[in-house]
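The values are calculated or read from the model by the stated rules, or taken from the named source; none is laboratory data. Just so we're clear, the structure is a prediction, and the values are computed from it rather than from any experiment. Note that we place each Cβ from the backbone using ideal geometry, even for glycine, and neighbour counts take in every protein chain shown. Please note that ligands, DNA and RNA were not included when accessible areas were found on the heavy atoms of the full protein model with its side chains. Shrake-Rupley method; radii C 1.70, N 1.55, O 1.52, S 1.80 Å.
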Amino acid sequence: MRSKKALLMLAAMLLLLTGCGAPLLSERAVVRAVCFRGAAQAARVSLVLEAAGQEEAFQTVTGRGASYAAALKDAERQLDGAVFYGLMDLALLPPQAGWEQAVEIGRLLADTALPAPRIDVFLLSARTVSEKADTLYAEICTARKKYGVSNGLQQLFARENECALPVWQGTEFGFGVLRQGRAATVWAEPLTAQLAAVLCGQADRFDCVLPGQDFSLACKAGVYRQAGAGGVCLQLTLRNAQIEALGANEDGQAAVEQALQHAFAEICTQTDTAESGLLQLQAWQFAEDGRTKPPSVRLMIQTEQE
């Protein structure tokens, strides 16, 4: 027989999960994703909901308004029953969104999506194939598992005046950096995008064809940072790398390292990496020797077989 203390603890947990006097989960409109579209003055917000019937997995309700907040409220008013955000796991930002829009939407979600769920944030691109929010949600859920992509709503506020996040391109993801008052930098090429995501801690693997189409690369990946007198070294570890030759060239290891170094140079050049907080270089250098000037950076690649 359960003790009285155990029963009281169980009752308290149920109250926390359901809310005292709140409707049951089956009586609520359960939101799984929120998709933002349109300009700020002609906003559209689509809620992807768990479908009540058995034939469909999800259904979509779209609201419109003169702001994202107004469009979200318009979508909520169309629902039967209380809105529940506790199982929401994805937010989609509109194509060509800048830093200001991303922060506005992030704050709106932080204030609205309660109880606070674990939300991944993607930027939509002009290359996005589907216009249907529920289709986008299903596509991106599959891609997140395949590419190991995960970030969280906090990424929009992790650094002052800039944020980095994956960009959904319809069949695969790119990666972008949004900065206040500046045009966005987006890498559409798979290897560069996946390297940027790994270096930013928003992905843990590679699964792509190298530029030039000679090799494919599939592996888990991790990054270790080490600061010293010569700057910051980013040690990229490729675990159980599967390198498949797609042409006559057989030196896959050298091709992978060369392609990764080229992609890294492109990332550094296009984002002023030494001055940006994108790769957290200054924090590591300051922790090492107290220097505040922008450090130099290099990428070292190693492979591990388990």
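Where the accessible area of segment 159-218 is counted over protein heavy atoms with a 1.4 Å probe, how much of it, in %, is carbon and sulfur?
Numbers: 840 of 1890 Å².
Here it works out to 45 percent.
What are the principal axis extents of the Cα atoms in segment 99-157, in Å, biggest first?
29, 23, 18
On alpha carbon coordinates alone, what is the Rg over Rh value for segment 58-148, Rh being the Kirkwood radius? Can you show the working numbers first?
Details: Rg = 13.4 Å, Rh = 14.3 Å.
The Rg/Rh ratio comes out at 0.94.
Lys and Arg at +1, Asp and Glu at -1: add these up for the other residues within a Cβ distance under 12 Å of T303 and post the number.
My count for the surroundings of T303 gives -1.
On average, how much accessible surface per residue is there in segment 35-160, in Å², for a 1.4 Å probe, leaving out ligands, DNA and RNA?
For segment 35-160, the solvent-accessible area averages 48 Å² per residue.
Amide H of L124 versus every other amide H placed in the peptide plane: which residues, excluding those fewer than 5 positions away on the same chain, fall under 5 Å?
Long-range HN contacts for L124: L93, W168.
Residues in segment 145-161 near a label at D89, defined as backbone nitrogen under 16 Å from the 7 Å Cα→Cβ point?
So the set is 145-153.
So between K73 and E304, what do we pick up on full extension, going 0.36 nm a residue minus the alpha carbon distance? Spell out each step's value before the answer.
Working: separation 231, 0.36 × 231 = 83.16 nm, distance 5.06 nm.
Result for the pair: 78.1 nm of gain on full extension.
Determine the sum of side-chain charges near R144: Lys and Arg each +1, Asp and Glu each -1, restricted to other residues whose C-beta is under 14 angstrom from that of R144. Walk me through the numbers on the way to the answer.
Details: positive: R32, R118, K145, K146, R205; negative: D89, D120, E139, E172, D204, D207.
Result for the neighbourhood of R144: -1.
Wrap a convex hull around the Cα atoms of segment 168-226, take a quarter of its surface area, and give that in square nanometres. Present the calculation step by step, with values, prior to reporting the outcome.
Numbers: hull surface 21.7 nm².
Value for segment 168-226: 5.4 nm².
On full extension of the chain, what length is gained from L114 through Q242, given 0.36 nm per residue of separation minus the C-alpha to C-alpha distance? Don't jump to the answer; show the numbers that get you there.
Numbers: separation 128, 0.36 × 128 = 46.08 nm, distance 4.19 nm.
Extending this stretch completely gives an extra 41.9 nm.
Would you kindly find the accessible area of T185, with a 1.4 Å probe and non-protein molecules such as ligands, DNA and RNA excluded, rounding to the nearest 10 Å²?
20 Å²
In whole Hz, what ³J(HN,Hα) sequence does segment 99-110 give by Karplus (6.51, -1.76, 1.60; θ = phi - 60°), x for Gly and Pro?
4, 4, 5, 4, 5, 4, 5, x, 5, 4, 5, 4
From the backbone phi of segment 203-217, what are the Karplus-calculated ³J(HN,Hα) couplings (6.51 cos²θ - 1.76 cosθ + 1.60, θ = phi - 60°) in whole Hz, Gly and Pro given as x?
With coefficients 6.51, -1.76 and 1.60, one gets 7, 10, 6, 10, 7, 6, 9, 5, x, x, 6, 8, 9, 10, 10 Hz.
Using only the alpha carbons of segment 132-247, determine the length spanned along each of the three principal axes and report them from longest to shortest in whole angstroms.
Largest to smallest, the principal-axis extents are 52, 44, 23 Å.
Amide H to amide H under 5 Å from L210: which residues, 5+ apart in sequence or cross-chain, H placed 1.01 Å off N in plane?
F215, S216, L217
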